[in-house]
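I have placed the structure first, in the form of structure tokens, so that the comments after it can refer back to it.
The values are calculated or read from the model by the stated rules, or taken from the named source; none is laboratory data. If you're wondering where the values come from, they're calculated on a predicted model, not measured in any experiment. Here the Cβ positions follow ideal geometry from the backbone for every residue, glycine too, while neighbour counts run over all protein chains shown.
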Amino acid sequence: SAAEKGGYDYFMLKEIAEQPKAVADTLLGRIDPSGSLTLDEVRISPQELREVDKVVIVACGTAFHAGLIAKYAIEHWTRMPCEVELASEFRYRDPILDGRSLVIAISQSGETMDTLMALRHAREQGSKVLAICNTNGSTIPRESDAVLYTHAGPEVAVASTKAFLTQLVACYLVALYLGQVRGTKWGDEIQAVIRDLSRISEEVDRVLETMEPVRALARTLAAKDTVLFLGRHVGYPVALEGALKLKELAYMHAEGFAAGELKHGPIALIEEDLPVVVVVPSPRGRSVLHDKIVSNIQEIRARGARTIVIAEEGDEAVVPYADHLIRIPATPTLLQPLVATVPLQVFACELATARGNEVDQPRNLAKSVTVE
Ligand code: AGP
């Protein structure tokens, strides 16, 4: 009913709008007044966490994209190797696991069969499993050693939005907590990032306030067949997520690429007026990546692409090459996906509407996939 949708036409729009609160709720009670993390609900002792020698993340779909981003954070802040694998592929290749592996299973519903089978396999090998989940008491957390709930509230639309942002927050919390417990050289950075995270909900809110041009742009692309997405570093999984949203909702051919791979093949796809969305890393910090992606934008535009550039406020280097420029607030590099994904959600939702598709219940899809 309209009331359930809180005045929005679709659950998806409501859930996109709920993201600032969802993100704040994921953080609630997990940062103590001294600025350290207290993840009491993670019932794997600090001693056990210090003995872990590798992290393995398993998930499907959007949750898998959260896992890909988590890898950058976990490896950076803990200096421990982290693998990310599609849950449906995991157990069939006989993965190397033992009592010192920490397996993280990410799932909104907590009922995804592929993810459940992956975590059962991990526990059989003696690994500890931590679930990151949005649904209280669902099967995946019940079968895990520990759970960090995302507290996004119920997500009804088939296309995941607020669950994704909160999965990211939960992953950052786990990465920072592992760093804190294990004591890495990033102590000061970890404190600073915890402070940045506690302000991030306002940044997500700011992005939402500036989405009208993104909707207008989406409407002009309704008759297109293909949209490509490019990103680098944590922007690469964001590109994959942008493409997945577009497939699910707009039924368009959409693909995400690592921008550095462009010259190894995908650049052959560029043709006159092909829309290409580019997620640009911050010019601060890892500026080498920024400069490389700016030259990628230049290259594809020279070959006729219509460039839709998502870049940090104040990044002037992209301006000459952007046919459409979508601004996002400056954040630390690793946190950028929390603000960069939002325009892509809005973009896909508006394109679906413009193409006359059912937004909340896309064809052929179910909210949770309980078969392998
Ligand atoms: C997201 O938009 C999708 N509908 C889908 O990829 C989903 O993320 C995937 O099926 C995993 O679901 P889960 O998080 O409930 O395990």
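A search for C-beta distances below 8 Å between a residue of the range 138-161 that is in contact (Cβ under 8 Å) with a residue 60 or more places away in the chain and closer than 18 Å to Gly61 by Cα and any residue that is of a type in the set (Gly, Ala, Ser) and within 13 Å of the ligand (Cβ to nearest atom), counting only pairs 6+ apart in sequence or on different chains, returns Thr150/Ala163; Thr150/Ala170; Ala152/Ala163; Glu155/Ala163; Val158/Ala366; Ala159/Ala348; Ser160/Gly61; Ser160/Ala63. Within the range 48-62, being more than 10 Å from the ligand (Cβ to nearest atom) and assigned to a helix (DSSP H, G or I) holds for Glu48, Leu49, Arg50, Glu51. Close contacts from the range 346-372, counting a first residue that is at negative phi and surrounded by 14 or more Cβ atoms within 10 Å (Cβ to Cβ) and a second that is of a type in the set (S, T, N, Q) and in a loop (DSSP other than H, G, I, E, B), with Cβ to Cβ under 8 Å and a gap of 6+ residues or different chains, come to Lys367/Ser109; Ser368/Gln108; Ser368/Ser109; Ser368/Thr112; Val369/Thr112.
Which pairs have Cβ atoms under 8 Å, sit 6 or more apart or on different chains, and link a residue in the range 104-119 that is within 19 Å of Arg43 (Cβ to Cβ) to one that is in a strand (DSSP E or B) and within 7 Å of the ligand (Cβ to nearest atom)? Final answer for the pair search is Ala105/Ala59; Ile106/Ala59; Ser107/Ala59. When Arg199 is tested against the conditions (1) farther than 17 Å from Arg30 by Cβ; (2) free of Cβ contacts under 8 Å to residues at least 12 places away in the same chain, the lone failure is (1). The number of residues in the range 332-372 that are at pLDDT below 95, outside any helix (DSSP H, G or I) and away from the ligand (no atom under 16 Å from the Cβ) comes to 1.
Please find, within the range 1-43, the residue that is surrounded by the fewest Cβ atoms within 10 Å (Cβ to Cβ) out of those that are in a loop (DSSP other than H, G, I, E, B) and among the hydrophobic types (A, V, I, L, M, F, W, C). Walk me through how you get there before you give the answer.
Taking the range 1-43 as the starting set, the residues that turn out to be in a loop (DSSP other than H, G, I, E, B) are 1-10, 18, 28-30, 32-36, 38-43.
Still in the running and among the hydrophobic types (A, V, I, L, M, F, W, C): 2-3, 28, 39, 42.
Details: Ala2: 8, Ala3: 6, Leu28: 9, Leu39: 22, Val42: 21.
Going through the qualifying residues, I end up with Ala3.
Mind listing whichever residues of the range 185-241 are touching a helix residue (DSSP H, G or I) at 6+ places or on another chain (Cβ under 7 Å), at pLDDT 95 or above and not in a helix (DSSP H, G or I)? The answer is Met211, Leu221, Ala222, Val227, Leu228, Phe229, Leu230, Gly231, Arg232, His233, Val234.
Does Lys71 satisfy the criteria of being surrounded by 17 or more Cβ atoms within 10 Å (Cβ to Cβ), within 25 Å of Ala192 (Cα to Cα), basic (Lys, Arg) and in contact with a strand residue (DSSP E or B) (Cβ under 6 Å, 6 or more places away or on another chain)? Yes: the conditions hold for Lys71.
Go over the candidates Ala159, Ala170, Ala175, Ala163 one by one and state the one that is within 16 Å of the ligand (Cβ to nearest atom), within 17 Å of Thr78 (Cβ to Cβ) and crowded, with 22+ Cβ neighbours inside 10 Å.
Ala170
Going through (1) in a helix (DSSP H, G or I); (2) modelled with pLDDT of 95 or more one by one, Glu272 falls short only on (1).
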